[in-house]
1. Can you pull out every residue in region 41-59 that is modelled with pLDDT of 95 or more, outside any helix (DSSP H, G or I) and of a type outside the set (A, V, I, L, M, F, W, C)?
2. Where residues in region 2-43 are among the hydrophobic types (A, V, I, L, M, F, W, C) and exposed (fewer than 11 other Cβ atoms within 10 Å of the Cβ), which of them is farthest from LEU53 (Cα to Cα)?
3. Run down GLU22, GLU18, GLU34 and say which single residue is more than 18 Å from PHE59 (Cα to Cα), of a type in the set (D, E, K, R), without any contact (Cβ under 8 Å) to a residue 60 or more places away in the chain and not in a loop (DSSP other than H, G, I, E, B).
Amino acid sequence: MEVFVQRDPTGYTTNEVEDVQELGELLTNYGPLEDNDEVTVQIKAPWSFIRDLLSRPVFKEIWFHPPT
């Protein structure tokens with residue numbers, strides 16, 4: 001599985017960093033990173049993993065019933 005997190009103009013694969021704190025620090029190189037700032041996440045994994053991930057309650061509501 002591979003997870004890539006991008007905040008324009010750059011991004012990082014999670015296996016390149018120690019933890020989410022380091023990832024957040026790297027993403028602040030282009031300005032402060034606030035909780036409401038958007039980033040792009042790409043997950044490359046077998047379909048069975050993605051299917052399970054998107055079926056979890058936290059993702060199911062966001063993915064299939066986005067807040068307005």
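The values are calculated or read from the model by the stated rules, or taken from the named source; none is laboratory data. The structure presented is a predicted model; accordingly, all values stated were derived computationally and were not measured. Heads up, the Cβs are rebuilt from the backbone with ideal geometry, glycines too, and the neighbour counts pull from every protein chain shown.
1. If the condition is that a residue be modelled with pLDDT of 95 or more, outside any helix (DSSP H, G or I) and of a type outside the set (A, V, I, L, M, F, W, C), then GLN42, LYS44, PRO46 are the ones that fit.
2. Among those that are among the hydrophobic types (A, V, I, L, M, F, W, C) and exposed (fewer than 11 other Cβ atoms within 10 Å of the Cβ), it is VAL20.
3. From the options GLU22, GLU18, GLU34, the qualifying one is GLU22.
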